[in-house]
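The values are calculated or read from the model by the stated rules, or taken from the named source; none is laboratory data. If you're wondering where the values come from, they're calculated on a predicted model, not measured in any experiment. As a convention, Cβ positions derive from the backbone with ideal geometry for all residues, glycine included, and neighbour counts pool all protein chains shown. For accessibility, only protein heavy atoms count, side chains too; no ligands or nucleic acids. Shrake-Rupley method; radii C 1.70, N 1.55, O 1.52, S 1.80 Å.
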Amino acid sequence: MMQKKMGVGYAYVGELEKKYVNMALDAGRLSQGEFVYKFEKKFAELHQQKYGVACNSGTSALHIALEALKEKYSWPERAEVLVPAITFIATSNACLYAGLQPVFVDVDPITYNMNPNLIESKITSKTVAIMPVHTFGQPCEMDAIVNISKKYNLKIVEDCAEAHFAKYKNKSVGSFSEIASFSTYVAHTITTGVGGIIVTDDTQLAEISRSLIAHGRACTCEQCIASNPNAVCKLRMKTKIDKRFMMVRLGYSYRIGELEGALGIAQLENHEYIMKTRKKNADYMTKALQQCQKFLQLPSFPNYVDHSFMMYPIVVKESANFSRNDLVCFLEEHNIESRPMLPLLNQPIYRELFGDLEDDFPVAKWINQQGFYIGCHHGLVVEDLDFVVSVIKDFIQSHNVVI
Ligand SMILES: Cc1ncc(COP(=O)(O)O)c(C=O)c1O
């Protein structure tokens, strides 16, 4: 029998998702409405924030979060934002879209997150913000980052694309910054197909964001989203031009519709099961791979973080007598999907834009050469995990190593 494909991500579409999507289709309103509104509210609440602003991608959510801060605090063009040297390229691209300059900070060799000890040396008179990325679901060292941000009067913008529901010392990711963003693209912990969401406690930032995602319109009242499409908003009619069509800033078209909202609500109703299963799967693999630790660096994290395990990262140690690429090819041959561990500085477009930076970021360079990740999602059962573990062990043993 053909071995089932072990994908890195998993988009579960169950009866609830189908029910809500059908309800949205039957309601005859595909643009933003009740489902989007409820999704925003619930997602924000689950991350200890007041407002949620749903966007059509994690990248657009990041872009808008930065533009909203730029407007609120009058940041100048090309102000600097500190970003980790290992992350998905959308993090630093969003800075460029917002007219800001990403400045890279090397990462920690164990957590793969921005190394707080290296942040201060990167701060200049142009620095306005730190953008920590909670890579693969592991929260960054937020105490240290918050302290530095206070000392230098910098804003924090968390990129939580990979870390839904993760916590640092019982506080939700996304609640350490004035504004934060998430992605709900298919491979992510909960998904709306494509999508992203901004969370914030700040009314002004929520309103700027709501305006920016809808062409810069003046109408930012959140009730408007959930309104009865047949009713006329009294507030709107008080002004000379209908506020929905009065554009007050240069905006974008970054909204989602009811189908995504319906998927999001269904996924949120299941989030406890999703999170529990991912954590259980990751823990199972880590225990089962203990004997391989001589050659493979497995995830490890302090007990004060609640890791949400969007992915399961592995770095091949120097002591191994095999290469990362050989191991990854062996996994692929056995239908186990993997991805390189978020290479950034060596991307052709970044070499063109920033030059050859890699040697200045030794940990990121090491991860680029030796790291990869596999899935530990809620679609995998114990038999699948046992299979992955046995393939990894077979590979190591085939290199004449007794483990
Ligand atoms: C850390 C990080 N930031 C931003 C994004 C962008 O999200 P999207 O693909 O929804 O635009 C991703 C996507 O994988 C990501 O991993």
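Values as computed for the structure displayed
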{"read-out": "Hits in segment 128-187 - residues which are part of a strand (DSSP E or B) and hydroxyl-bearing (Ser, Thr, Tyr)", "value": "168, 172, 181, 183"}
{"read-out": "Yes/no for residue 19 being touching a Leu at 6+ places or on another chain (Cβ under 9 Å), touching a residue at least 24 places away in the same chain (Cβ under 8 Å) and either among the small types (Gly, Ala, Ser) or not assigned by TED's automatic domain parsing to the domain that holds residue 361 (or both)", "value": "no"}
{"read-out": "Qualifying residue in segment 260-269 (condition: open to solvent by less than 10 Å² (accessible area, probe 1.4 Å), among the β-branched types (Val, Ile, Thr) and either under 15 Å from residue 393 (Cα atoms) or modelled with pLDDT of 95 or more (or both))", "value": "no"}
{"read-out": "Scan of segment 9-40 for residues that are among the charged types (D, E, K, R) and surrounded by 18 or more Cβ atoms within 10 Å (Cβ to Cβ), ordered by number", "value": "17, 34, 38, 40"}
{"read-out": "Filtered residues of segment 385-403 (kept if open to solvent by 20 Å² or more (accessible area, probe 1.4 Å) and modelled with pLDDT of 95 or more)", "value": "386, 387, 390, 393, 394"}
{"read-out": "Condition broken by residue 189, with the remaining ones in (1) at pLDDT 95 or above; (2) within 16 Å of the ligand (Cβ to nearest atom); (3) polar (S, T, N, Q) satisfied", "value": "(1)"}
{"read-out": "For residue 204: the one exception among (1) within 13 Å of the ligand (Cβ to nearest atom); (2) not in a loop (DSSP other than H, G, I, E, B)", "value": "(1)"}
{"read-out": "Any chance residue 85 is under 16 Å from residue 183 (Cβ atoms) and either within 17 Å of the chain's Cα centre (by Cα) or surrounded by fewer than 20 Cβ atoms within 10 Å (Cβ to Cβ) (or both)", "value": "no"}
{"read-out": "Filter pass, residue 144 being in the same structural domain as residue 32 (by TED's automatic domain parsing), of a type in the set (A, V, I, L, M), at pLDDT 95 or above and touching a Ser or Thr at 6+ places or on another chain (Cβ under 6 Å)", "value": "no"}
